[in-house]
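Just so it is clear, none of the values below were taken in a lab; they were calculated from the coordinates. Since this is a predicted model, take the numbers as computed values, not measurements. Every residue, glycine among them, receives a Cβ derived from its backbone with ideal geometry; neighbour counts consider all protein chains shown.
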Amino acid sequence: MSEPVRLQKVLAAAGVGSRRACEELISAGRVEVDGTVVRELGVRVDPERAVVRVDGFRVDVSGTRVYLALNKPREVVSAMSDARGRPNLGDYVRGSERLFHVGRLDVDTEGLILLTNDGELAHRLTHPSFEVPKTYVAEIAAPVPRDVGRRLRAGVELDDGPAAVDEFRVVASDQGRAMVEVVLHEGRNRIVRRLLAAVGCPVLRLVRVQFGPVVLGELRPGRTRPLSSKEVGELYAVVGL
């Protein structure tokens with residue numbers, strides 16, 4: 001057990017705001033510790049054990065957990081190491097303590113993948129029962145048949161069972177190429193590629209641009225960034241932690 005620390009200091013260290021701003025949050029009754037609203041500024045908590053929420057969103061106050069977003073380049077294996085010596089996720093976080101990758105992207109798919117040492121969160125984010133949505137942008141040949149979205153939302157029979165998307169839209173179409181956005185909570189291997197191929201739209205390039213509430217944004221290929229406390233709190237909320 002770690003030494004108890006004043007709540008406002010713990011919140012400030014977790015990136016919620018300045019110590020003064022955190023004191024105002026506590027006084028306003030916007031902070032919960034282990035399910036109980038705390039309004040007193042002198043309260044001390046154990047950062048390694050306390051479950052702290054601000055405005056209903058959980059805040060990681062342990063100081064030991066790591067939450068990263070990585071823009072995975074093509075031809076990188078979704079593993080923290082590779083016995084065959086292929087480029088892998090571990091190449092981008094060397095020197096960090098043991099991290100889990102949250103889900104996978106096939107070797108030809110680029111984009112957002114999350115890395116963390118929070119095993120419970122990683123497990124829930126990838127478990128089918130929590131149905132965490134993922135958003136992809138795919139490049140396919142144009143023109144896009146008008147019934148593709150309807151067919152994908154209705155469900156397509158694949159060799160390992162039926163699958164469907166949550167959302168589909170054409171983002172752009174020009175000179176024989178189209179960009180389409182696909183949202184789904186499925187996690188089966190190469191599911192986006194297989195779905196689009198099944199409706200006659202094989203993928204030319206595929207990028208994951210969002211995982212739950214976390215957006216890839218302007219993060220460059222091969223670069224990482226720490227998730228904000230807001231993003232971590234939203235991930236906790238998505239999976240009921």
### Task
Taking only Cα atoms and a 10 Å spring cutoff, compute GNM fluctuations for the chain and point out the largest among Arg177, Arg169, Arg84.
Arg84
### Task
Between Pro226, Pro202, Pro145, find the one with the highest GNM mean-square fluctuation for the chain; connect C-alpha pairs within less than 10 Å.
Pro145
### Message
Calculate the FRET efficiency for Leu158 and Arg86 from the Cβ-Cβ distance with a Förster distance of 25 Å, rounded to the nearest 0.05.
### Response
0.40
### Task
Rounded to whole Hz and in sequence order, give me ³J(HN,Hα) for region 101-113 from the Karplus expression 6.51 cos²θ - 1.76 cosθ + 1.60, θ = phi - 60°, writing x for Gly and Pro.
8, 8, x, 9, 10, 5, 4, 8, 9, 9, x, 6, 9
### Spacing of the two label points (7 Å from each Cα toward its C-beta) at Thr224 and Gln175, in nm
3.7 nm
### Task
Please say if region 79-152 is rounded, prolate or oblate, where rounded means a/c under 1.5 for a ≥ b ≥ c the square roots of the C-alpha gyration tensor eigenvalues, and otherwise the choice is prolate for a/b larger than b/c and oblate otherwise?
oblate
### Summary
What the Cα atoms of region 1-81 span along the principal axes, largest first and in whole Å, is 53, 26, 21
### Task
May I ask you to work out the translational diffusion coefficient for region 99-241 at 4 °C, viscosity 1.567 mPa s, via Stokes-Einstein with Rh from the Kirkwood sum over Cα pairs, reported in whole µm²/s?
81 µm²/s
